[in-house]
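Please treat every number below as a calculation from the coordinates, not as lab data. As the structure is a computational prediction, the values presented were derived from the model and not from experiment. Cβ: placed from backbone, ideal geometry, glycine included. Neighbour counts: every protein chain shown.
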Amino acid sequence: MNKPCLAAVGLLALSAVAASAAEDAAVAATRAVARTQIWKAMTAGRAGSAAVAVMENGAIVYAEGFGMADREKGEPVGQDTVFNIASISKLYAATAIMLLVDDGKVKLDDPVTTHLPEFTMSDERFKAITIRMLLNHASGLPGTVGFDTSGFKHNAGYNRDTLDILARSRLKHRPGEANLYCNDGFTLAEMIVAKVSKMSYMDFLGQRIFTPLALKHTGMSVGAQPEKDADVARVYTPEGRVLPFEAVSPLGAGGLSATAADLCRFADSFTSGGRHILSDASLAEMRKVQPADISGRLKNPLFPYGLGSDFAEIHELKAQGIDVIGKSGGSSGYNSMLFVAPDQRIAVAVVQTGGTGNSMEIAYKLLKIHLAAKGLITDVPAPVAAPPKPEPIPAGLAPHEGYYTDGQKLLRLSIDLPAEKLTVYGVVAGRETKAFEATYSGGYFYGTGGQYSFTAVNGKSYFVRYLPFFNIDSILYGKIEPDPAPHKLAPDIDGRRWLRRNFSAYTMPGKEVNPDSGLLPSLLDSRQIPGLPGSIFFGGVLKIIGPTTAGYPAAFLRDLSELSLSERDGVARAWYSGLLFSDAAAVNVLAGDAASLHIGKEAYNEWLKIGRDAVLGFTRPAQGRILVFDPAGEVTYDSVLDSGEVFVPAGGLVAVAGDPGDDFTVRAR
């Protein structure tokens with residue numbers, strides 16, 4: 001037998017040492033950046049706690065927790081601490097659909113109605129929506145129409161409610177025309193998985209995804225689990241009050257929880273050497289950008305959505321030969337980001353508590369630093385450049401001037417050609433506040449927050465932001481086009497206050513209590529918009545389309561709503577894409593020392609106006625909910641977080657929520 005060459009053995013040993021050192025250097029570099037960035041986010045108040053994990057070749061090479069999972073118990077975040085992952089859940093829903101594709105039970109381009117005949121809309125174009133369009137955000141569905149999406153108990157009727165609301169809704173654009181982020185599509189995808197597989201959605205995920213991939217810490221959102229995981233990252237208000245465990249009811253769109261390490265294990269199933277649960281053909285489909293018809297009609301590509309992913313490629317990495325899949329998530333209490341480079345078999349996950357965290361930014365930095373430390377990319381800092389030299393604004397851009405909206409906020413954009421500047425004003429209740437000014441150069445306006453441009457699609461103007469490191473355009477606002485013959489609402493709703501009537505006792509506190517929440521408050525004011533005949537403000541900006549109806553102000557925006565006004569028992573009511581409101585003017589006034597409130601068979605909320613300055617005390621059912629608002633509409637008491645008595649000035653309001661038959665007592669002194 002030949003003896004081994006000693007020189008060759010030495011070279012092999014040196015190579016192994018060098019490879020190990022490269023791996024250690026990559027982990028060390030990644031850890032250093034993670035610690036710096038996470039603590040920076042936490043000290044700035046953007047995150048309450050966090051966890052990070054990095055996987056390489058199927059092994060977790062770095063995992064670390066930051067902050068306290070439970071402040072009262074003194075429990076720190078660890079590697080097994082569970083966070084809600086919000087919209088990263090969409091990637092699991094898309095995987096579930098592709099498993100059914102592999103089973104031969106569905107096809108991506110099947111109409112949704114083939115498998116979900118109970119799905120219908122008031123817009124006949126809905127019949128053209130395919131399963132692919134649900135997964136790449138191209139369906140044209142409104143966005144997020146269900147109510148009680150986030151609470152501290154799972155809303156078992158969420159899917160049924162969503163179907164009922166969609167049956168009354170219109171599409172905002174033709175199916176397949178544009179990719180606009182849409183939660184509703186994944187709720188329908190969840191229903192298809194359950195219908196076709198003949199099992200519950202969570203059972204399907206458990207049998208076909210969680211168990212095969214050994215995802216031991218992945219399941220329903222933390223507030224929806226019958227037995228709460230012992231190691232959960234709790235969410236706190238800015239004042240330090242602990243919120244109830246958050247349950248996100250649309251499972252396919254955002255209702256899962258996981259550890260950072262479990263996210264990486266799931267992501268590894270998409271890599272070249274990972275444990276595969278999908279066929280090669282389905283894996284290839286998951287890695288493809290799934291564009292809509294609007295692709296190529298803007299200066300730059302829109303978000304490179306895949307099937308369930310936000311990123312099926314990133315320009316900066318693609319230029320260096322690195323493919324990625326990336327998905328972000330954000331709920332009222334959590335935010336998260338998952339990246340995987342399939343060919344390099346590297347995955348990075350960042351999860352945080354706090355709805356305004358920056359997990360995407362941090363995860364992308366970690367991915368790049370890890371790839372660079374391994375010599376797979378050159379991470380060159382962006383060159384320092386002189387500010388762009390202002391140029392005259394082309395006269396052809398002047399017609400883009402006017403009022404714009406994202407569906408919620410209202411802006412006025414003013415283009416001053418002689419002064420060579422664009423001025424952006426925020427408009428609230430008819431009052432304008434300058435947001436920023438921008439100068440024109442090389443086809444873009446440069447101002448606060450980056451580079452902007454205008455584009456026209458189907459003759460309508462849109463205000464677009466360019467994101468250079470992703471090389472993509474993001475449509476921010478659509479122009480509210482002047483209507484030569486504007487419609488008017490038959491009832492005058494200018495200056496009216498509206499009270500929500502169908503929030504549950506377990507609805508997650510909204511913006512009134514938790515500023516990080518994206519949830520609408522329980523009390524809204526409606527008003528006409530000066531200078532915009534034919535438009536109104538009701539929870540957002542709406543275009544009047546009939547005597548009692550208003551709808552979408554522009555087509556290519558996310559999360560749009562519709563309004564329908566009616567009357568019941570002499571009281572004005574408003575249906576706002578599933579949210580039910582009634583006129584505050586009809587509320588009974590507490591003039592004496594006590595009042596009783598009873599929840600009827602429809603389980604609608606009951607309200608009471610306080611006629612004088614008073615200290616209030618309450619009696620309520622164990623599972624009942626009481627909210628107290630001051631005259632300005634700010635919450636001053638929530639029985640989920642508060643107890644005892646509360647002072648309420650004259651004109652304040654009390655709202656109660658509970659089950660049919662529940663009784664509440666309000667006492668005043």
Hull volume in cubic angstrom per residue (convex hull over the Cα atoms of region 197-283): 127 Å³
Kirkwood Rh, Cα atoms: Rg over Rh of region 369-413: 1.31
Long-range amide H partners of Tyr477 with built H, under 5 Å: Phe463
Per-selection metrics, region 118-162 (Cα): Rg and Dmax in Å: 12.5, 36
How do 61-69, 591-599 rank on mean C-beta neighbours within 10 Å, highest first? 61-69, 591-599
Equivalent-ellipsoid semi-axes of the chain, from the Cα gyration tensor, Å, largest first: 43, 32, 25
Rg over Rh of region 618-657, using C-alpha atoms and the Kirkwood radius, what does it come to? 0.94
Take the Cα atoms of region 572-656, build their convex hull, and give its volume per residue in Å³. 116 Å³
With a cut-off of 20 Å, note down the residues of region 110-134 whose backbone N falls inside the zone around a label point 7 Å from the Cα of Arg174 toward its beta carbon. 110-113, 121-134
Which of the helices in the chain meet the span-like rule: DSSP H, Cα axial reach of 24 Å or more, Kyte-Doolittle mean at least -1.0? 6-43
Region 248-363 - convex hull of alpha carbons, volume per residue in Å³: 130 Å³
By average C-beta atoms within 10 angstrom, highest first, the peptides 214-220, 443-449, 497-503: 497-503, 214-220, 443-449
Report the Rg/Rh value for region 393-464, based on alpha-carbon coordinates and the Kirkwood definition of Rh. 0.94
Long-range HN-HN contacts of Val106 with modeled amide H, under 5 Å: Val101
Cα-only Debye scattering, region 88-144: base-10 log of I(q)/I(0) at q = 0.21, 0.24 Å⁻¹: -0.84, -1.05
Given points 7 Å out from each Cα along the Cα-Cβ axis, report the Val571 to Thr448 separation in nanometres with one decimal. 4.1 nm
Which lysines have a Cα less than 22 Å from the Cα of Lys288, not counting those fewer than 8 places away in the same chain? Lys90, Lys105, Lys107, Lys299, Lys318, Lys327, Lys368
Return one quarter of the surface area of the convex hull spanned by the alpha-carbon atoms of region 409-564, equal to its mean projected area, in nm². 11.8 nm²
Ratio of region 572-622's C-alpha Rg to 2.2 N^0.38 Å, to two decimals? 1.35
CD proxy at 222 nm, helix term only [per DSSP H run n ≥ 4: -39500 (n - 2.57); per residue of the chain; nearest 500]: -6000 deg cm²/dmol
Here FRET efficiency (C-beta to C-beta, Ala284 to Phe436, R₀ 41 Å, nearest 0.05) is 0.40
For Tyr62, what residues show an amide H to amide H distance below 5 Å, using hydrogens built from the backbone and excluding near sequence neighbours? Val54
What base-10 log of the normalised intensity I(q)/I(0) is obtained for region 46-110 from the Debye formula, alpha carbons as equal point scatterers, at q = 0.14, 0.16 Å⁻¹? -0.64, -0.74
How much length is gained on full extension from Thr113 to Trp39, taking 0.36 nm per residue of separation minus their Cα-Cα distance? 21.8 nm
For region 496-584, count all C-alpha to C-alpha pairs, find those more than 15 Å apart, and express that count as a whole percent of the total. 62 percent
Principal axes first, then extents: for the Cα atoms of region 309-441, list largest minus smallest coordinate on each axis, whole Å, largest first. 53, 38, 22
Can you compute the modelled spin-label distance between Thr378 and Val428, with each label point 7 Å from Cα toward Cβ, in nm? 4.8 nm
Mind checking the full-extension length gain between Glu361 and Ala156? Use 0.36 nm per residue of separation minus the Cα-Cα distance, one decimal, nm. 70.4 nm
Where does each of 255-261, 233-239, 642-648 land if you order them by average Cβ count within 10 Å, highest first? 255-261, 233-239, 642-648
Zone of Asn300's modelled label, taken as backbone nitrogen in region 313-327 under 12 Å from a point 7 Å along Cα→Cβ: 315-316
Whole-Hz ³J(HN,Hα) from phi, Karplus 6.51 cos²θ - 1.76 cosθ + 1.60, for region 433-438, glycine and proline x: 10, 5, 8, 6, 10, 9
Hey, what do the phi angles of region 484-496 turn into as Karplus ³J(HN,Hα) couplings, whole Hz, using 6.51/-1.76/1.60 and θ = phi - 60°, x for Gly and Pro? x, 9, x, 7, 10, 6, 5, x, 7, 10, 5, x, 8
In nm, spacing of pseudo-spin labels at Ala28 and Ala128 (7 Å Cα→C-beta vector): 5.9 nm
Could you calculate the contour length gain from Ala591 to Thr548, that is, 0.36 nm times the residue separation minus the distance between their Cα atoms, to one decimal place in nm? 12.1 nm
Please provide three numbers in whole Å: the alpha-carbon extents of region 519-636 along the principal axes, with the largest listed first. 49, 31, 29
